[in-house]
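S.K.: There's a structure below that I have some questions on.
The values are calculated or read from the model by the stated rules, or taken from the named source; none is laboratory data. Worth saying up front: this structure is predicted, and the values here are computed from it rather than measured. Note that we place each Cβ from the backbone using ideal geometry, even for glycine, and neighbour counts take in every protein chain shown. Surface accessibility is based on the protein's heavy atoms, side chains included, excluding ligands, DNA and RNA. Shrake-Rupley method; radii C 1.70, N 1.55, O 1.52, S 1.80 Å.
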Amino acid sequence: MSDSSQPTILERFPAGGPRGSWPADEYAVGQQAQGTPARVVMDLQSDSFLVITDQPTRR
């Protein structure tokens, strides 16, 4: 079975944050606590961390 759905970007965070600060991870944990299966990936092209979900979202 082929799944052609694309992940949804929930939020973007610059990669150059302060040392020891993980805002993308913290945001993803918050989304997970609300029931959204979120994860963090690195977008090398934009040098940013993306919090994404494979679950359809309502916006």
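S.K.: Would you compute, from DSSP H runs of 4+ residues alone, the mean residue ellipticity of the chain at 222 nm, taking -39500 (n - 2.57) per run and dividing by the full residue count, rounded to the nearest 500? All intermediate terms of the calculation are to be shown ahead of the outcome.
M.R.: Values: 1 runs with 11 residues, N = 59.
Counting only the DSSP helices, I get -5500 deg cm²/dmol.
S.K.: Please get the size of the charge dipole for the chain, origin at its Cα centre, with Cβ charges of +1 on Lys and Arg and -1 on Asp and Glu, quoted in debye to the nearest 20.
M.R.: Working: 5 positive and 7 negative charges, 30 e Å.
Dipole about the Cα centre, nearest 20: 140 debye.
S.K.: OK, next. Leaving ligands, DNA and RNA out of it, report the carbon-plus-sulfur percent of the accessible area of the chain at a 1.4 Å probe. List each step's numbers first, then the result.
M.R.: On the way: 2400 of 4680 Å².
Answer for the chain: carbon and sulfur cover 51 percent of the accessible area.
S.K.: Specify which labelled value, from [x] 19, 14, 11; [y] 22, 15, 8; [z] 28, 11, 10, agrees with semi-axes √(5λ) of the Cα gyration tensor in Å derived from the coordinates of the model shown.
M.R.: Answer label, from the structure shown: [y].
S.K.: Fully extended, how many nm does the chain gain between residue 54 and residue 12 (0.36 nm per residue separation, minus their Cα-Cα distance)?
M.R.: On the way: separation 42, 0.36 × 42 = 15.12 nm, distance 1.57 nm.
Roughly 13.6 nm would be gained on extension.
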